[in-house]
Amino acid sequence: RSARTHPPMDKQQGHGRVPGDQRVDDVRLQRHPHLGAAVLQLAVVGDDQVREVLLHIAADNYFLPTVLGVAAPAATKITATDFAPVQAFEKQQLDRAASIAELKASFEHLKTALARVPDSRMNEKLSVFGQEFTVRGFLILTATHLHEHLGQLIAYARSNGVTPPWSQ
């Protein structure tokens, strides 16, 4: 089977942003056992930067499965071959409730998509973001992407005086 090729990603896009000084309005934690006990959904919505991070996570939860051949919902306009709709998705001006709803829906999509990947594909080669991966490696990348932004949001929350429940 030939390797699939996907557009390169701007390594700075959506990563490494430093949050502003605005207060966080709310912190909600919900475990996602389908992605492993360590993966948490941290829904912190209080300012534009946090909303953008949440929508970045949601956009990639829709985009990453397209690399494996699972289409994103048509309403997202996200495809495997064009990164522009992913960037547009995360820049949407959604309110708090809509941002959280979109994040939850994206995790359901990701859960369903990953469950469809058979073990027989784990060693299949993929070319994604200008790098070679196996399907197995790409699934690990998916989990580490979620962990990266979980850490980003935890740091943001702590910098705004919100103590996570596990630290109390």
Residue 102: within 14 Å of the chain's Cα centre (by Cα), surrounded by 20 or more Cβ atoms within 10 Å (Cβ to Cβ) and charged (D, E, K, R), yes or no? yes
With respect to the numbered conditions (1) open to solvent by 40 Å² or more (accessible area, probe 1.4 Å); (2) closer than 21 Å to residue 143 by Cα; (3) of a type in the set (A, V, I, L, M, F, W, C); (4) assigned to a helix (DSSP H, G or I), which one is the sole condition not fulfilled by residue 110? (1)
Looking only at the stretch 151-168, count how many residues are assigned to a helix (DSSP H, G or I) and open to solvent by less than 20 Å² (accessible area, probe 1.4 Å). 3
Given (1) surrounded by fewer than 20 Cβ atoms within 10 Å (Cβ to Cβ); (2) in a helix (DSSP H, G or I); (3) of a type outside the set (S, T, N, Q), index of the condition residue 62 fails: (1)
The stretch 130-150, residues that are in a helix (DSSP H, G or I), touching a residue at least 12 places away in the same chain (Cβ under 8 Å) and more than 17 Å from residue 69 (Cα to Cα): 143, 145, 146, 147, 148, 149, 150
Which condition number in (1) open to solvent by less than 50 Å² (accessible area, probe 1.4 Å); (2) among the aliphatic types (A, V, I, L, M); (3) out of contact with any Ser or Thr (no Cβ under 7 Å at 6 or more places or on another chain); (4) within 18 Å of residue 59 (Cβ to Cβ) is the one that residue 71 fails? (1)
Being of a type in the set (S, T, N, Q) and assigned to a helix (DSSP H, G or I): is that true of residue 92 here? no
Filter result for residue 129 (open to solvent by less than 30 Å² (accessible area, probe 1.4 Å) and under 20 Å from residue 110 (Cα atoms)): no
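The values are calculated or read from the model by the stated rules, or taken from the named source; none is laboratory data. Just so we're clear, the structure is a prediction, and the values are computed from it rather than from any experiment. Ideal geometry is used to build each Cβ from the backbone, glycine not excepted, and the neighbour counts take in all protein chains shown. All accessible areas refer to the heavy atoms of the entire protein, side chains included, with ligands and DNA or RNA removed. Shrake-Rupley method; radii C 1.70, N 1.55, O 1.52, S 1.80 Å.
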